[in-house]
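Right, one structure below, let's go through it.
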Amino acid sequence: MKTRVREMSPSAYARIAGVLYLIITVAAIFAHMVIPGQLLVPGDAAATAVNITNSESLFRFGLVGLELIVLLSEIVLSVVLYVLLKPVNKTLSLIAAVSRLAMTTIHGLNLLNYYFVLQLLIGADFLTAFSPEQVNALVTLFLDAHSIGFTIGIAFLVPHVLILGYLIVQSGYFPKVLGFLFIAAGIGYLFDAIGLLLVPSYTTTPGLIAMVIAAAEIAFPIWLLVKGVNMAGWQQKTVEVGSTRPLPQN
């Protein structure tokens, strides 16, 4: 006999998305801010190399390991958000998911720069061809490449954030203010990515942009965890989609 797998409720998907957002946020704070602050010394390649060499486990598990947790969580979150928002517009929801997955792919490949750093500092045989100063310079090069690669990935996230904001506004089962926050955050991401990648004098994200992005990325997960989905709005949107679906042709 065949058994039917029971589909999870929208509220369950919302809670899963909220938990994933929380995991990504906490892991990213440590991987992108706390641990780099302990290991990387701006403007001092030699001190950075010494810190990484003396704290190899922290570099491996604190940076690379946490980055992997973030990326794996991003994959699942992309799918869950697609499921939550496809009743609004299936095509746009799919584009948003693909955009976030593109960012995740770029960030995954970007981890190679960290492995190159480890190879340079661990002491492989080929390193005898380089002087200590050359090794330090190469370490700086790959760390800078990782930073640039991260920004390139964020550029691919921009369509996701903008579309996510639009879909939330149109959903009827999430507060419109969360959608407008994401639209503002998407504009901020776009401005920041263009500045970091194309304008040499632009080196730091302005505080206002960082605040808007943080507000959107914090408010939505909290809503998902605490309130979930407005089921009346979800059912109404599902009925609207069903009523506009073309009838099958005989």
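Laid out as a table, the results:
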{"read-out": "Helices (runs of 4 or more DSSP H) fully within region 97-208 counting 3 or more residues that are over 29 Å from L39 (Cβ atoms)", "value": "132-171, 176-198"}
{"read-out": "Test: residue in region 60-77 that is of a type in the set (A, V, I, L, M, F, W, C), without any contact (Cβ under 8 Å) to a residue 40 or more places away in the chain, surrounded by fewer than 21 Cβ atoms within 10 Å (Cβ to Cβ) and farther than 29 Å from F142 by Cα", "value": "no"}
{"read-out": "T238 vs. criteria assigned to a helix (DSSP H, G or I), closer than 17 Å to Y82 by Cα and hydroxyl-bearing (S, T, Y)", "value": "yes"}
{"read-out": "Residue that is modelled with the highest pLDDT [pool: residues in region 123-157 that are more than 22 Å from T104 (Cβ to Cβ) and of a type in the set (S, T, N, Q)]", "value": "T140"}
{"read-out": "In region 42-59, residue farthest from L141 (Cα to Cα) [restricted to those that are more than 25 Å from the chain's Cα centre (by Cα) and not in a helix (DSSP H, G or I)]", "value": "S55"}
{"read-out": "Residue under evaluation L181, criteria (1) surrounded by 15 or more Cβ atoms within 10 Å (Cβ to Cβ); (2) more than 24 Å from N113 (Cβ to Cβ); (3) without any contact (Cβ under 8 Å) to a residue 12 or more places away in the chain, criterion not met", "value": "(3)"}
{"read-out": "Some residue of region 126-145 being under 30 Å from L81 (Cβ atoms), surrounded by 14 or more Cβ atoms within 10 Å (Cβ to Cβ) and touching a helix residue (DSSP H, G or I) at 6+ places or on another chain (Cβ under 8 Å)", "value": "yes"}
{"read-out": "Tally, over region 193-239, of residues that are without any contact (Cβ under 8 Å) to a residue 40 or more places away in the chain and within 30 Å of D144 (Cα to Cα)", "value": "20"}
{"read-out": "Single residue of G149, G195 found to be under 28 Å from V41 (Cα atoms) and in contact with a Phe, Trp or Tyr (Cβ under 6 Å, 6 or more places away or on another chain)", "value": "G195"}
{"read-out": "Residue under evaluation A45, criteria (1) among the small types (G, A, S); (2) farther than 30 Å from E133 by Cβ; (3) in contact with a Ser or Thr (Cβ under 7 Å, 6 or more places away or on another chain), criterion not met", "value": "(2)"}
{"read-out": "Cβ pairs under 8 Å, 6+ apart, first in region 27-55 and among the aromatic types (F, W, Y), second surrounded by 15 or more Cβ atoms within 10 Å (Cβ to Cβ)", "value": "F30/G62; F30/L66"}
{"read-out": "Every pair of residues 6+ apart whose Cβ atoms lie under 6 Å, when the first sits in region 102-122 and is on the phi < 0 side of the Ramachandran plot and buried (at least 17 other Cβ atoms within 10 Å of the Cβ) while the second is of a type in the set (S, T, Y) and part of a helix (DSSP H, G or I)", "value": "L121/T53"}
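The values are calculated or read from the model by the stated rules, or taken from the named source; none is laboratory data. These figures come from a predicted structure and were not determined experimentally. Note: ideal-geometry Cβ built from the backbone for every residue, glycine included; neighbour counts use all protein chains shown.
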